[in-house]
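The values are calculated or read from the model by the stated rules, or taken from the named source; none is laboratory data. Small disclaimer: the values here were computed from a predicted structure and weren't measured. Reconstructed Cβ throughout: ideal geometry from the backbone, glycine too, with neighbour counts over all protein chains shown. Please note that ligands, DNA and RNA were not included when accessible areas were found on the heavy atoms of the full protein model with its side chains. Shrake-Rupley method; radii C 1.70, N 1.55, O 1.52, S 1.80 Å.
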2 protein chains.
Amino acid sequence: MHTRRYHHGDLRAALLTRAEQTLREKGPGALSLRELARDLGVSHAAPSRHFKDKQALLDALALAGFERLAAALTGSREAAGEEFADRLAALVRAYVGFATGNAELLDLMYTVKHDPAASDALITAAHQLGAMAEEMVAEGQRSGEVRQGPVDAIAMPVFTTLHGYASFAVSGVLPAAEVESGLDAVIAYMLRGCAPS
Amino acid sequence: MHTRRYHHGDLRAALLTRAEQTLREKGPGALSLRELARDLGVSHAAPSRHFKDKQALLDALALAGFERLAAALTGSREAAGEEFADRLAALVRAYVGFATGNAELLDLMYTVKHDPAASDALITAAHQLGAMAEEMVAEGQRSGEVRQGPVDAIAMPVFTTLHGYASFAVSGVLPAAEVESGLDAVIAYMLRGCAPS
DNA sequence: ACCTGAACACCGTTCAAGT
DNA sequence: ACCTGAACACCGTTCAAGT
């Protein structure tokens, strides 16, 4: 009854938590199932009960990332005002904030998968993010703040710009010091792409 | 004199060529220095003469990717007309074409590096791509086809959109069948972001 | 200068066996 | 159901030694 095994059924969650920590601190190359097991005090074979292989763990990590990012975007919407420009700015700041705060994870989320079967869930998760952008654009069209036309022909380029900016920030192409200051120009450019007539 | 060792000094090049091939065919996870050495008929320790470690090989691969991408973009410029819209479209198509044709490599090129020292060359290479976009925008400003203002406040969002689109195409978020058909909307959106007044 | 061969300390994955 | 321990077939990296 004392010091009973750490995991009474949540080894899976513990593995994910620890894995994300080492992903953040040491990068994806340093992620080892055996080391994870060691850190958590289980045998090196234990993780295989919960993840059929290393890629399955990485996929689960990426999926959790998409869920947290979606939550952050939803949250940004509530905090924003009613104007389209406000909402867009809030969305952009939330996405870029998540990206810079979780660089390695964002990288993992959008990494080319070589098991196309396993990546279905990830692509669906990414599409849900896109759907949020589409919804925002559609509302902007209704209120007249966004030009008319097929929603995805407007929302997709906007979301693409957003992701490209996040990707540059994450990869270091855009220096950390310039991420914040460059945001205004990017948002203004997006608004120009959305503006009526 | 017969069947003399395959490498009279170009093991380095042979490693890079072979590495890119397996990167393309089997993904980055399947890339092993030992297997590379086996395939090329050298001892497993031979690669270390040319690349201090596996990451150095990956970095060299990424750098070569940037050089080829830069060449492709330069080529697109020569094939395009004089109008800004033409040049932009050609640049976009060249970048996206490279991305879809070299998905794993593009991923590698923009991957988060954990050795900041080694990634300087890669960031510089990415900046050279950005400089090409800036030059194009600057010319568009001179000819009056692009609105006035700080060059980078226009060129950066454009380049960001381009890269985001390529990234979505590469990651599979944008289905392969939609990459071509979505390009027109993206280009139109970019032009709107650049248009005067 | 460039490569080999052996050695070291790791990996991921599988599978019988334990509780 | 969940985990262990041993086993297997790999890794990357280093280093004396060869040519």
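Output the number of residues of region A:105-139 satisfying the condition of being without any contact (Cβ under 8 Å) to a residue 24 or more places away in the chain, of a type in the set (Val, Ile, Thr) and open to solvent by less than 50 Å² (accessible area, probe 1.4 Å).
Residues flagged as without any contact (Cβ under 8 Å) to a residue 24 or more places away in the chain, of a type in the set (Val, Ile, Thr) and open to solvent by less than 50 Å² (accessible area, probe 1.4 Å) within region A:105-139 amount to 2.
How about region A:142-197: which of its residues are among the polar types (S, T, N, Q) and open to solvent by 40 Å² or more (accessible area, probe 1.4 Å)?
Scanning region A:142-197 gives A:143, A:148, A:181, A:197.
Here is a list of conditions, (1) within 11 Å of chain A (Cβ to nearest Cβ); (2) modelled with pLDDT under 95, and residue B:126 meets all of them except one; can you say which number that is?
Result: residue B:126 passes all but (2).
Scanning for something outside any loop (DSSP other than H, G, I, E, B), in contact (Cβ under 8 Å) with a residue 40 or more places away in the chain, open to solvent by 20 Å² or more (accessible area, probe 1.4 Å) and within 14 Å of DNA strand D (Cβ to nearest atom), does region A:68-90 turn up at least one residue?
no
Could you check how many residues of region A:38-48 are more than 8 Å from DNA strand C (Cβ to nearest atom) and either under 20 Å from residue A:108 (Cβ atoms) or among the β-branched types (Val, Ile, Thr) (or both)?
2
Are any of the residues in region B:153-165 within 24 Å of residue A:182 (Cα to Cα), out of contact with any Phe, Trp or Tyr (no Cβ under 9 Å at 6 or more places or on another chain) and in a helix (DSSP H, G or I)?
Yes, region B:153-165 has at least one match.
Can you go through B:112, B:170 and tell me which one is under 24 Å from residue A:23 (Cβ atoms), at the interface with chain A (Cβ under 10 Å from one of its Cβ atoms), of a type in the set (A, V, I, L, M, F, W, C) and outside any helix (DSSP H, G or I)? Steps first, answer last, please.
Details: B:170 fails: outside any helix (DSSP H, G or I).
Being under 24 Å from residue A:23 (Cβ atoms), at the interface with chain A (Cβ under 10 Å from one of its Cβ atoms), of a type in the set (A, V, I, L, M, F, W, C) and outside any helix (DSSP H, G or I) holds for just one of B:112, B:170, which is B:112.
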